[in-house]
Amino acid sequence: MKRQLPWIASPCILLFCFSIFGSVSFSQTLTGDWNGKRSQLEKDGFKFSLYSNHYYGVNAKGGLSTNNAHRGSISFDMFMQFDLEKLRWAEQGKILVHTKERYKKNINPFVGALSDPIDDADGNRDFYVAQLWYQQDLVEDVLQLRFGYMDQQVTLDRNLYTASEDKQFMATYFDNNNAIIPLAIGLSASLFYNPNEWLSFVLAGADADADSHSSGFGTTFDNDRDFFGYFQTDIKTKLKKEDDYLPGNYRFGVIFDPRNRNQFDSGKADNSDIGFYVSFDQCVMREKANDNQGLGLFFRYGNRHGEVNKIQNFWSFGAHYKGLVEGRDKDICGIGVYEAIASNMFTKYKNPAISSEVGYELFYSFQINPWMTFTPDIQYIHNPSKNTAARDALIVTLRVRITY
């Protein structure tokens, strides 16, 4: 039987050819500046952004199955940002509207891993609101309050080198410290305090029962203690190096989870779960002074209550290099490793076959032109722990990101 080209590859190949030979190759976006209207709208306080991410992944070896183990997916993200002061609607106020649409599914059912190999491939869902929040400066540039329908991934545990599955590492456990920190998407509020340029704090609360398929009012304002509390400290550093400096960001966070859950050993209810996490991203070499080309390192670690959490410890580490190849200054290369370590209490009383999952990922992102990147990605997952029948897995993925 003749094999057909995966559906997701066809538009990618056409756009790839168009990007090389088309007249818009050097535009910042595929649709251009709309005869200057786009730039003018941004000056007036309205910014519009539209992205699509095309994935094609194959479970090449191991996992649960390699039989027909390939999947394509596509997601669209549209952002509308309103600067209310520039629009003359309200002083020091901002609104963000983020809508999303996605099609097809992931390959993790063939892999069986705790960490989803393609974090952005979340199945079929038509147009929906992913974020809708309002931010107000209480004290200009010092104290801000943000509330509404929010994704806490864009607020907490950010990392310069590994915090975007659309542009950097694709696996869930590189996107954030997901094994330890439940970064809810739903109704929530965050308070930002920035006393000076090198120190900031975040205090946040989020609905622990949030469901992206609902508004969240029914679960947020019930009588249960189903919420997450977060407190994070961020420190910016500048390491002096001859006539230049190397920027870095260091984070220390605490999470409070008061949900009632049963302890693995005794079965008693426990609502006192407190965890902590740390992370950093540090530039260690720049090719030129005051330039973002060069080598950076990242690290994350988190710990949770082992009597009620399946994963008790988590760490990840890796490197990120922009402009590794001569003449390819915008390309990005990344390599990393993570380990999600199961709770001793969980393995003893619930599943002795599960210990830890270790994942490795290597990607190279080619910037074809300012509005398109093409990224081959390889992942190797040792002991995929979502299913004890899974073997070590090798996953190969291609991603095309387009900015419209």
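The values are calculated or read from the model by the stated rules, or taken from the named source; none is laboratory data. Remember, predicted model here, so these are calculated numbers, not experimental data. All Cβ positions, glycine included, derive from the backbone under ideal geometry; neighbour counts span all protein chains shown.
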Checklist line | Given (1) out of contact with any Cys (no Cβ under 6 Å at 6 or more places or on another chain); (2) aliphatic (A, V, I, L, M); (3) without any contact (Cβ under 8 Å) to a residue 60 or more places away in the chain, index of the condition ILE311 fails | finding: (3)
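So, in segment 240-281, exactly how many residues are part of a loop (DSSP other than H, G, I, E, B) and without any contact (Cβ under 8 Å) to a residue 60 or more places away in the chain? Spell out the reasoning first.
Within segment 240-281, the subset part of a loop (DSSP other than H, G, I, E, B) is 242-243, 258-260, 263-268, 271-272.
Now narrow it down to the ones that are without any contact (Cβ under 8 Å) to a residue 60 or more places away in the chain: 242-243, 258-260, 266-268, 271-272.
Of the residues in that region, 10 qualify.
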Next item on the list: Being more than 18 Å from ASN178 (Cα to Cα) and of a type in the set (Gly, Ala, Ser) is the filter; apply it to segment 330-372 and report the residue that is surrounded by the fewest Cβ atoms within 10 Å (Cβ to Cβ).
Entry: ALA353
Check: Would you call LEU295 on the phi < 0 side of the Ramachandran plot, of a type outside the set (Phe, Trp, Tyr), surrounded by fewer than 22 Cβ atoms within 10 Å (Cβ to Cβ) and in a strand (DSSP E or B)?
Finding: yes
Notebook entry, point to check: Hey, among the residues in segment 171-214 that are touching a strand residue (DSSP E or B) at 6+ places or on another chain (Cβ under 6 Å), polar (S, T, N, Q) and closer than 23 Å to LEU297 by Cβ, which one's surrounded by the most Cβ atoms within 10 Å (Cβ to Cβ)?
Noted result: ASN177
Check: Quick one: which strands (runs of 3 or more DSSP E) sit completely within segment 21-133 and have at least 3 residues that are in contact with an Asp or Glu (Cβ under 7 Å, 6 or more places away or on another chain)?
Finding: 46-63, 93-103
Next item on the list: Among the residues of segment 191-241, write down those that are of a type in the set (A, V, I, L, M, F, W, C) and modelled with pLDDT under 70.
Entry: PHE217, PHE221
Notebook entry, point to check: Would you pick out the residues in segment 117-145 that are modelled with pLDDT of 90 or more and closer than 20 Å to HIS54 by Cα?
Noted result: PRO117, ILE118
